[in-house]
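Here's the structure, in structure tokens; my notes come after.
The values are calculated or read from the model by the stated rules, or taken from the named source; none is laboratory data. Fair warning: this is a prediction, and the values are worked out from it, not measured in the lab. Cβ sites come from the backbone with ideal geometry, for glycine too, and all protein chains shown count toward neighbours. Surface areas here come from the heavy atoms of the whole protein model, side chains and all, with no ligands, DNA or RNA. Shrake-Rupley method; radii C 1.70, N 1.55, O 1.52, S 1.80 Å.
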Amino acid sequence: MKNFGYSYYFLKKQLLWFAAGFALLFVFKEIDYRLYRRHTKLMLLLSLALLVMVFLPGLGHGAKGSMRWLALGPVSFQPSEFVKLFVVIYLAKVFSAGAKEHFVHFLVPVGIVAVIFLLVMLQPDFGTAIDILIVSVLILFISGFPFTYILSLFILSIPMFYLMIYQVDYRKDRIVAYLNPWDYRYGIGYHIIQSFIAFKKGGLIGVGLGNGTQKLSRLPEPHTDFIFAVIAEEAGLLGTVAIVLLYAGVLWRGIAIAAESQDDFGRLLAIGLSLMIVVQAFINLGVVTGALPTKGIPLPFISYGGSSLMANMIAAGILLNISRYSGAMRREMQSFEEVWQ
């Protein structure tokens, strides 16, 4: 290394993003979540504009064959991370409005999500697109739409997924490597095997923080997509179980906040934001452990990256606000009942 500061390059930048994200968490914690219902159309227009802008010369910033970032002076960010937030808020508003027996109330939001999905796919960012799709379908299911609608959507999407996966060579190769990486240990299966080795080296308690060797030119993107493998090697099984339990805690708390909410919008928004965090986490964990085909997607709150961290911090702030207002409304109702008893 040419200079000492380079060793801490990612740490320094991530600490700056964390500070900004933490500030945003407190800002959104104070904003009444019910205000978002009035601005969903603006959020959708902004989502579409941001996803189109990444393809514009001078604005869009590419890396490794993908156009996923917008460059605004010295700062670049990934719009799709914030678009996930907008999609969850939009679906929470639409599906909390009732009238779920009519197919048109299902078709319109599905069509909007499909357009966003395709724009993210064009970047291409298959991991984020699938994340948006899974969270949207789960919100559909939780909101009470007939299962036949969701099943019909799944059947109709099969040809599209066939074209997107098996007709694109590098995605097809990932499926092949996923099914049997050991047959391609020096080719397309190399990286996932290196992840397996990291888990094996880690054992029960790990080799110690900072002592891992798999991150040194063996694991792909050890600071982002495969950071869980680094944790497995350095903190062992106990460290990885602790991480999984933390995400399970996020989901449990999100469900509790949704259950306490006094309105349908708050319930769907709370569960949607929790799923936004947890689904992404478990996609990442599935990829790193070989349970899912290899696909780049950051581990929420842990992977390096400002856009993902800030979007998740905003989601956490909104969740805290829903919890705060739900508790306040519940106390007001209890006080009202006590007065009239």
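See the values below:
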{"item": "In segment 197-207, the residues that are surrounded by 13 or more Cβ atoms within 10 Å (Cβ to Cβ) and assigned to a loop (DSSP other than H, G, I, E, B)", "result": "203, 206, 207"}
{"item": "Tally, over segment 143-200, of residues that are within 27 Å of residue 275 (Cα to Cα), modelled with pLDDT of 80 or more and touching a helix residue (DSSP H, G or I) at 6+ places or on another chain (Cβ under 6 Å)", "result": "5"}
{"item": "Residue satisfying all of: in segment 177-191; surrounded by fewer than 22 Cβ atoms within 10 Å (Cβ to Cβ) and among the hydrophobic types (A, V, I, L, M, F, W, C); farthest from residue 166 (Cα to Cα) among these", "result": "182"}
{"item": "Number of positions in segment 107-154 that are part of a loop (DSSP other than H, G, I, E, B) and surrounded by 17 or more Cβ atoms within 10 Å (Cβ to Cβ)", "result": "4"}
{"item": "Tabulated pairs, segment 152-171, first over 14 Å from residue 124 (Cα atoms), second at pLDDT 80 or above and open to solvent by 60 Å² or more (accessible area, probe 1.4 Å), C-beta under 7 angstrom, 6+ apart or interchain", "result": "166/172"}
{"item": "Hits in segment 39-88 (condition: free of Cβ contacts under 8 Å to residues at least 12 places away in the same chain and either in a helix (DSSP H, G or I) or under 23 Å from residue 278 (Cβ atoms) (or both))", "result": "39, 41, 42, 45, 49"}
{"item": "Answer residue from segment 1-33, given it is in a helix (DSSP H, G or I) and at pLDDT below 85 and is farthest from residue 77 (Cα to Cα) among those", "result": "4"}
{"item": "From the options 270, 256, 281, 229, residue that is among the aliphatic types (A, V, I, L, M) and more than 22 Å from residue 92 (Cα to Cα)", "result": "229"}
{"item": "Search result, residues across segment 280-293 that are farther than 13 Å from residue 229 by Cα, in contact (Cβ under 8 Å) with a residue 12 or more places away in the chain and open to solvent by 20 Å² or more (accessible area, probe 1.4 Å)", "result": "282, 283, 292, 293"}
{"item": "Test: residue in segment 184-203 that is in contact with a His (Cβ under 9 Å, 6 or more places away or on another chain) and touching a residue at least 60 places away in the same chain (Cβ under 8 Å)", "result": "no"}
{"item": "Residue in segment 34-55 that is surrounded by the fewest Cβ atoms within 10 Å (Cβ to Cβ), counting only those that are at pLDDT 90 or above and of a type in the set (Val, Ile, Thr)", "result": "52"}
{"item": "From 214, 194, residue being surrounded by 14 or more Cβ atoms within 10 Å (Cβ to Cβ), over 23 Å from the mean Cα position of the chain (by Cα), in a helix (DSSP H, G or I) and polar (S, T, N, Q)", "result": "194"}
